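K.L.:
The structure's right below; bear with me while I get my questions together.
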Amino acid sequence: MTTAARASDLTIGMVMFPDMTHLDLAGPYDVFSRMPKTQVHLLAATLAPVRAEGGWTTIPQVAFDDAPACDVICVPGGIGVNAMMEDAPVLRLLDRQARTARSMTSVCTGALVLGAAGLLRGYRATTHWLSLDLLPLFGAHVVEERVVVDRDRITGAGVTAGIDFGLVVASQLLGADVARAIQLAIEYDPAPPFRGGSPASAAPALVERLTLMRAQAQAERRAIAERAARQIDGLAPDS
């Protein structure tokens, strides 16, 4: 992947689906939309409004079947990834785009959807900390970092890593100077009110409590991921 800008415009496709985490989409979108000579498409199965977790609704711009070949595809995470790991239209879209895209990327648990499409085999990757243990089901090598770049795969960790991820993508495509300018323009200078936004910095008791609270949901997600992993080789090709 070159760090120099292309002569022609860049095209980025951001995948949308019901019950995605809106910030997984909005964080990197705000970065991508400020990249020069870059067109960002919001992709969804249909052009009907897509309701994210919490009720935020966004209108897609391009249906999957009409999506152009994109330089970058980005998949957000959220509760909805459970369904997307077995959603044929999404998996076909990712398979088709991966044939020509410069980078296939994700934020948070969107990595599980990339994995279900067979796109993380042999790649280093990250995702939300509660789902890191699911990545090996798809042949990925787990890396507990904020953003992981491995050849033509770029993955971001949980929710708020989306902005960091977006800036890394901007740097990869257009150079560090462009990414730094965008970071300054959006005044991205995080100073959270509390230390403890990751298992490494949070109080162990809090990590344990949240893990226990999410245990049943994570067990259900694991069952879906295991089923999706078994289906990778049977991914239906485009007609």
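The values are calculated or read from the model by the stated rules, or taken from the named source; none is laboratory data. Quantities reported herein were computed from a predicted structural model and do not represent experimental measurements. Here the Cβ positions follow ideal geometry from the backbone for every residue, glycine too, while neighbour counts run over all protein chains shown.
K.L.:
Quick check on segment 1-32: of everything there that is of a type in the set (S, T, N, Q) and out of contact with any Pro (no Cβ under 9 Å at 6 or more places or on another chain), which residue is modelled with the highest pLDDT?
P.N.:
This residue is Ser8.
K.L.:
I've got another one for you. Do we have Ile154 as over 27 Å from Asp71 (Cα atoms) and either in contact with a strand residue (DSSP E or B) (Cβ under 9 Å, 6 or more places away or on another chain) or aliphatic (A, V, I, L, M) (or both) here?
P.N.:
When the stated conditions are applied, Ile154 does not pass them.
K.L.:
Go through Leu94, Leu47 for me and flag whichever is of a type outside the set (D, E, K, R) and within 23 Å of Val168 (Cβ to Cβ).
P.N.:
Matching residue, one of Leu94, Leu47: Leu94.
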